[in-house]
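Visitor: Shown below is the structure under consideration.
Bear in mind these aren't lab numbers, they're just calculated from the coordinates by the rules spelled out. Since the model is a prediction, treat every value here as computed from it, not as a measurement. Backbone-built Cβ (ideal geometry, glycine too); neighbour counts: all protein chains shown.
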Amino acid sequence: MDQFRIFPPQASTTSHEVDTLFFALTAISVFFAVVIFLPIIFFSVKYRRGSSADRSNPKSGSLLIESGWTIGPIFLSLVLFAWNALAYFRIERRPANAIEVQVVGKQWMWKLQHAEGKREINELHVPVNSTVATTMTSQDVIHSFIFCAQYCGTQHSRMIGRVVVMEPAAYERWLKSGEPSESVVRTGDRLFHDRGCSGCHAPNSQFHAPLLQGLYRNPVPLADGTMVTANDQYLRDSILQPAKQITAGYANIMPSFAGHLSEEEIMQLIAYLKYIGNQPPPSQ
Ligand code: HEC
Ligand SMILES: [Cu+2]
């Protein structure tokens, strides 16, 4: 019986909040199920064929009851919406100063890379009591991390990973163990040159292309007159669909790199763009 648990142990800081919400929703559903089903049973018995119940059906109506069952549920759903939305924003907001881990799902495993470069598969090593932010994507179908809950193909049931929580010193040792690896930003820097990005996006390039230093998190004026913020999504879109949002003052000459870069390479490039994006632009 020890093995039998309806809920797994609450292992994350947000599980309490999610569980409370879950119980509240369940309680409300049970309440309405009772309110609806008890009268159904009662009336089925009372008005069964052959019973001597009064079937004259006089006209009746009550504004109070009708507005009550309209306004009550509206109010209830709005409260639930607000509660859910607040919890969602709290849970999904990326914590500041978090340890960065990039995760790529594929049939049928997760490939992880820490900012320092260390890679692992189906395991996530983290130091205890620190915040960790994972950037996740998939190179094929939808998966869910770290116990796959999306049916993703034949070996879906084997897509089970584990989180290893370590003392900070042990984590530092673990990061440096195994083959030496270059940091994600360093790999992105190399890709930026190898894939020809620097051929256009460099101060001395023959092409008229924007410098990417100082770009990250800043507003970008677009050719159509609107403004966007250069967030992670914008960087990703700029690489994969450059024609979607043209930067004001530049021509649509950047080729799309969709299909030419792996998901890992895109993440590494974005990590590099974020890194230089936080630096001041070079003077020209
Ligand atoms: C042929 C030249 C060329 C190449 C190669 C090129 N780009 Fe661009 N890129 C441009 C031009 C021109 C723009 C501005 C027009 C636009 O938004 O498409 C741009 C826009 C961008 C932007 C948006 C910048 C802003 O200020 O809004 C990013 C990010 C970017 N490129 C990244 C890359 C990356 C990463 C690579 C390599 C994988 C790359 N580019 C390769 C020419 C190029
Ligand atoms: Cu799966």
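Visitor: If you take the charge dipole of the chain about its Cα centre, with +1 on Lys and Arg Cβ and -1 on Asp and Glu Cβ, which of TYR151, LEU63, GLY225 is farthest toward its positive end?
Guide: The residue sitting farthest along the positive end of the dipole is LEU63.
Visitor: Among residues other than GLY161 whose Cβ falls under 15 Å from its Cβ, what is the net charge (Lys/Arg +1, Asp/Glu -1)?
Guide: So the surrounding residues net to +3.
Visitor: Can you give the relative contact order of the chain as a percent, counting alpha carbon pairs under 8 Å and 6+ residues apart?
Guide: 13 percent
Visitor: Going by the alpha-carbon gyration tensor, a ≥ b ≥ c the square roots of its eigenvalues, is the chain rounded (a/c under 1.5) or, if a/c is not under 1.5, prolate (a/b greater than b/c) versus oblate? Can you show the working numbers first?
Guide: Values: a/c = 2.95, a/b = 1.84, b/c = 1.60.
In terms of gyration-tensor shape, prolate.
Visitor: Another question about this same structure. Going toward the positive end of the dipole of the chain, with +1 on Lys and Arg Cβ and -1 on Asp and Glu Cβ, which of MET109, ASN97, SER262 do you reach last?
Guide: Positive-end residue among those listed: MET109.
Visitor: What is the sum of charges, Lys and Arg at +1 and Asp and Glu at -1, for the other residues whose Cβ falls under 15 Å from the Cβ of SER130?
Guide: Net charge in that neighbourhood comes out at -3.
Visitor: Hey, fewest Cβ within 10 Å first, where do VAL18, VAL101 land in order? Mind dumping the intermediate values first?
Guide: Numbers: VAL18 14, VAL101 20.
Ascending number of Cβ neighbours within 10 Å: VAL18, VAL101.
Visitor: For the chain, which DSSP H helices look membrane-span-like by this rule: Cα extent along the axis of 18 Å or more and mean Kyte-Doolittle of at least 0.5?
Guide: Span-like helices, by this rule, are 15-46, 63-92.
Visitor: Oh, and also: Quote the relative contact order of segment 184-277 in percent (integer), defining contacts as alpha-carbon pairs under 8 Å separated by 6+ residues.
Guide: This gives 37 percent for segment 184-277.
Visitor: Report the Cα-based extents of segment 184-277 along its three principal axes, largest first, to the nearest Å.
Guide: Projected onto its principal axes, the Cα set of segment 184-277 covers 34, 27, 25 Å.
Visitor: Next question. Based on other C-beta atoms within 10 Å, arrange HIS201, HIS114 from fewest to most. Write down the numbers at each step before the final one.
Guide: Details: HIS201 19, HIS114 22.
Lowest count first: HIS201, HIS114.
Visitor: Mind running the shape call on segment 16-91? Use the C-alpha gyration tensor, a ≥ b ≥ c as the square roots of the eigenvalues: rounded below 1.5 for a/c, prolate if a/b tops b/c, oblate otherwise.
Guide: oblate
Visitor: Loop-only check: which trypsin sites (Lys or Arg not before Pro) in segment 82-148 are DSSP coil with at most 16 other Cβ within 10 angstrom?
Guide: Passing sites in segment 82-148 are ARG93.
Visitor: Charges at C-beta only: +1 for Lys and Arg, -1 for Asp and Glu. How large is the resulting dipole of segment 105-214 about its Cα centre, in Debye rounded to 20?
Guide: For segment 105-214, the charge dipole is close to 180 debye.
Visitor: I've got another one for you. Looking at the chain only, what percent of DSSP beta bridges run antiparallel? Nearest 5 please.
Guide: Numbers: 14 of 26 bridges.
Of the beta bridges lying entirely in the chain, close to 55 percent run antiparallel.
Visitor: Evaluate the relative contact order of segment 32-145 (contact order divided by residue number), counting alpha-carbon pairs under 8 angstrom at least 6 apart; express in whole percent.
Guide: 20 percent
Visitor: Direction-averaged shadow area of the convex hull around the Cα atoms of segment 99-176, nm²?
Guide: For segment 99-176, averaging the hull's shadow over all directions gives 4.8 nm².
Visitor: In addition: Would you please classify the overall shape of segment 1-45 from the alpha carbon gyration tensor, given that a ≥ b ≥ c denote the square roots of the eigenvalues, rounded means a/c under 1.5, and beyond that prolate means a/b larger than b/c while oblate covers the rest?
Guide: oblate
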